[in-house]
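Right, one structure below, let's go through it.
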Amino acid sequence: RHAINPSWPGGSVSRFSPNDKIPLDLRGARLNYRPMPGTCFHCSYCFDRLATVRMKIASFSHTELDIPKYHDQKHIIDRFRNGKDLFDRASDPLRRVYKNETELPRLLQVEQKRFGYMLNRSAPNAGFLDV
């Protein structure tokens, strides 16, 4: 799934050493950088087990989201299968990204069977191996 958020242009790469003076406007300066599509992938919930999703929910800093509703198996599977936000946030629309429309990291291309859960969440178990 791909989050669409035009107000966040993405991350930036900066060089830094302990002796450097940190620019005060580092965040603002990155708005002037040219985008580099296809150079980075980030997946916060790319897990092959439902138990790992639950562990992440229980251990990350947003403790207000660590409630039984978001640990429920049916809820998690529905969200993963249908591209819905796991925490019911309306501000983060998601769309399904098909493997033939994006440049996948080489490891995913070579080992599609191993990483099938990342490439296809449409199955009744949403690709989770422990369901």
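No lab work stands behind these numbers, since they all come straight from the coordinates. The model shown is predicted, which means the values in this text are computed figures rather than measured ones. All Cβ positions, even for glycine, are placed from backbone atoms using ideal geometry, and neighbour counts span all protein chains on display.
Laid out as a table, the results:
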| item | result |
| --- | --- |
| Sequence-distant lysines (8 or more away, or on other chains) whose Cα lies within less than 29 Å of Lys99 | Lys56, Lys74, Lys84, Lys113 |
| Relative exposure of Val53, Val110, judged by other C-beta atoms within 10 Å (fewest first) | Val110, Val53 |
| Distance between modelled label sites at Asn100 and Ser17, nm, 7 Å Cα→Cβ extension | 4.9 |
| Spin-label pair Arg89/Asn125, simplified geometry with 7 Å Cα→Cβ offset, distance in nm | 2.9 |
| Calculated FRET value between Ala29 and Ala51, using beta carbons and R₀ = 35 Å, to 0.05 | 0.25 |
